[in-house]
Amino acid sequence: MAEGYQPTKAAALDRDCTTLSRHVLQQLQSFGQEAQDLSALMNRIALAGKLVARHLSRAGLVEDALVFTGRTNVQGESVKRMDIYANDVFISVFKQSGLVCRLASEEMDDVYYIPENCPIGRYTLLYDPIDGSSNVDINLNVGSIFAIRQQVGDDANQTGDDLLSNGRDQLAAGYILYGPSTVLVYSIGHGVHAFTLDPSLGEFILSAENIRLPNHGPNYSVNEGNYWQWDDSLRDYIRYVHRHEGYSSRYSGALVGDFHRILMQGGVFLYPGTTKQPDGKLRLLYESAPLAYLIEQAGGKASTGTQPILDVVPDKLHYRTPLVIGSTEDVNLVESFIQERIKEGV
Ligand code: P6P
């Protein structure tokens with residue numbers, strides 16, 4: 001029998017057809033309702049990322065896109081116009097999704113409800129719309145961080161209390177890094193995968209699959225300006241890396257970019273508690289927990305210094321914890337200095 005048409009083995013063509021929503025279904029090997037929901041949710045994340053990336057790319061040209069709004073958020077941080085724009089992009093994009101009933105954001109004091117999506121929409125989006133926004137005005141990388149959880153119970157009183165659970169309840173997590181290219185990194189529990197936005201297509205295209213970070217890496221990423229505000233154990237660690245060959249200090253002031261370097265090259269990122277902020281600066285539900293989910297999926301580790309991040313149960317929406325995250329051996333080394341001081345009873 002004559003052979004049928006044989007398409008060319010164009011790997012690039014197959015890759016360009018592996019869009020995010022398709023990849024989710026491939027990961028889950030299912031077309032069931034939850035798989036379809038997650039695929040649709042990730043597609044909305046991608047749309048939000050494209051809208052934010054477009055605004056950032058013109059921020060210097062668009063009236064009032066930069067600078068501060070004069071407001072401070074629930075964190076007590078000055079709010080930039082870009083923070084508000086990005087926050088509202090996610091609200092608008094997920095309003096139309098029909099799937100998300102609630103959103104929790106760094107920029108909003110309380111859980112935000114989308115009545116038309118409740119109670120059908122059984123998912124909650126937790127996000128930091130623009131992480132590292134101090135970098136926006138100097139055209140350095142910033143990011144968006146997100147986690148998706150399933151609503152537990154009916155939340156009839158709209159307290160959002162079911163969100164106060166540990167990070168192992170996350171269904172999906174990831175971030176969008178707005179850098180020289182726009183990269184979306186996500187996991188739904190089947191490894192960590194990266195998609196790069198192809199502006200000519202307006203699509204995020206698969207660029208790295210099943211990312212695994214090395215057990216040890218050269219980078220340590222921490223704001224050493226806080227050195228004298230740390231516990232002795234963290235100073236012990238810093239003195240160790242200063243005295244040993246093979247370590248490089250890398251710190252951009254934007255968590256997503258610093259985390260992405262650790263994910264891709266190995267090493268450790270730290271934001272320890274300080275005398276001014278004993279619980280650290282980073283928020284659990286929409287910063288540390290999503291990144292901890294990713295790093296464990298990529299073969300790394302994330303802890304508060306004494307407890308796995310994914311085991312921490314917050315008592316409020318904007319709960320903060322110290323963060324030590326990255327290659328397993330490097331996180332273990334930091335933890336060993338902390339344990340040493342605990343043994344000494346410091
Ligand atoms: P510091 C940005 O404000 C942020 O939340 C993270 O993106 C970043 O890692 C950290 O704070 C930087 O904080 O105190 O070093 O300027």
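The values are calculated or read from the model by the stated rules, or taken from the named source; none is laboratory data. These numbers were taken from a predicted model, which means no experiment stands behind them. Note: ideal-geometry Cβ built from the backbone for every residue, glycine included; neighbour counts use all protein chains shown. The area values use the complete protein model at the heavy-atom level, side chains included, leaving out ligands, DNA and RNA. Shrake-Rupley method; radii C 1.70, N 1.55, O 1.52, S 1.80 Å.
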Quick one: with all protein chains in place, what share of the accessible area of the chain is carbon or sulfur, to the nearest percent (1.4 Å probe)?
49
Diffusion constant of the range 15-208 at 4 °C, which comes from Stokes-Einstein with the Kirkwood Cα-pair radius and 1.567 mPa s, µm²/s
75
Over all alpha-carbon pairs in the chain, figure out the percentage whose distance exceeds 26 Å.
49
If each residue of separation counts as 0.36 nm, what is the full-extension length gain between D161 and Q36 once their alpha-carbon separation is subtracted?
42.3 nm
Find the relative contact order for the range 219-344 and round it to a whole percent, using C-alpha pairs within less than 8 Å whose residues are 6+ positions apart.
29
For the range 39-54 and the range 269-323, what is the separation of their Cα centres, given in Å?
25
³J(HN,Hα), Karplus 6.51/-1.76/1.60, whole Hz, each residue of the range 81-92, x for Gly, Pro
4, 5, 4, 5, 4, 5, 4, 6, 4, 5, 4, 5
Measure of exposure for F337: accessible area at 1.4 Å probe, Å² rounded to 10, is 40
For the range 219-344, with +1 on Lys and Arg beta carbons and -1 on Asp and Glu, the positive-most of G266, Y227, V313 along the dipole
Y227
Ignoring everything except DSSP H segments at least 4 long, calculate the 222 nm mean residue ellipticity for the chain; use -39,500 (n - 2.57) per segment, divide by total residues, nearest 500.
-9500 deg cm²/dmol
Whole number in Å², please: accessible area per residue of the chain, 1.4 Å probe, ligands, DNA and RNA not counted.
45
Using modelled backbone amide H atoms (1.01 Å from N, in-plane), which distant-in-sequence or interchain residues come within less than 5 Å of A172's amide H?
I148
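With the contact rule set at Cα under 8 Å and sequence spacing of 6 or more, what percent relative contact order holds for the chain?
About 14 percent, as a whole number.
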So, counting K/R as plus one and D/E as minus one, what does the shell of residues with Cβ under 13 Å around L234 add up to?
-3
Work through the residues other than G167 whose Cβ is under 15 Å from its Cβ and net out their charges, Lys, Arg +1 and Asp, Glu -1.
-2
Out of the range 303-346, which GluC sites (Glu not before Pro) are coil in DSSP terms and have no more than 15 other C-beta atoms within 10 Å?
E344
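Give me the dipole magnitude in Debye, nearest 20, for the range 251-315 about the Cα centre, with unit charges on the beta carbon: positive for Lys and Arg, negative for Asp and Glu.
Details: 5 positive and 6 negative charges, 43 e Å.
Charge dipole, the range 251-315, about its Cα centre: 200 debye, nearest 20.
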Residue-ordered couplings for the range 312-320, obtained by feeding phi - 60° into the Karplus form 6.51 cos²θ - 1.76 cosθ + 1.60 and rounding to whole Hz (Gly and Pro as x), are 6, 9, x, 10, 7, 4, 9, 5, 10
Go through P322, G153, V183 and say which Cα lies farthest out towards the positive end of the charge dipole of the chain; charges sit on Cβ, +1 for Lys and Arg, -1 for Asp and Glu.
V183
If N is the residue count of the range 92-169, its Cα Rg over 2.2 N^0.38 Å rounds to 1.21
Between S134 and S336, how high is the FRET efficiency from 1/(1 + (r/R0)^6) when r is the Cβ-Cβ distance and R₀ = 22 Å? Nearest 0.05.
0.10
Here the net charge surrounding I205, from other residues whose Cβ is less than 9 Å away from its Cβ (Lys, Arg +1; Asp, Glu -1), is -2
Relative to the compact-globule estimate 2.2 N^0.38 Å (N residues), the Cα gyration radius of the range 144-184 stands at a ratio of 1.56
Using +1 on the beta carbon of Lys and Arg, -1 on that of Asp and Glu, and nothing else charged, what's the dipole of the chain about the Cα centre, debye to 20?
500
Once amide hydrogens are built 1.01 Å from N within the peptide plane, the residues lying 5 or more places from G132 or on another chain with amide H under 5 Å from its amide H are L255
Computed on Cα atoms, Rg of the range 219-344 relative to 2.2 N^0.38 Å comes out at 0.97
What does the charge dipole of the range 219-344 about its Cα centre add up to, to the nearest 20 debye, if the Cβ of each Lys and Arg holds +1 and the Cβ of each Asp and Glu holds -1?
320
To the nearest 10 square angstrom, what accessible area does M264 show with a 1.4 Å probe?
90
Note on the range 245-309: the mean projected area of its alpha-carbon convex hull, in nm², is 5.1
Residue-ordered couplings for the range 288-299, obtained by feeding phi - 60° into the Karplus form 6.51 cos²θ - 1.76 cosθ + 1.60 and rounding to whole Hz (Gly and Pro as x), are 5, 5, x, 6, 5, 4, 5, 5, 5, 5, 9, x
Would you mind pulling out the separation of the Cα centroids of the range 175-237 and the range 79-124, in Å?
24
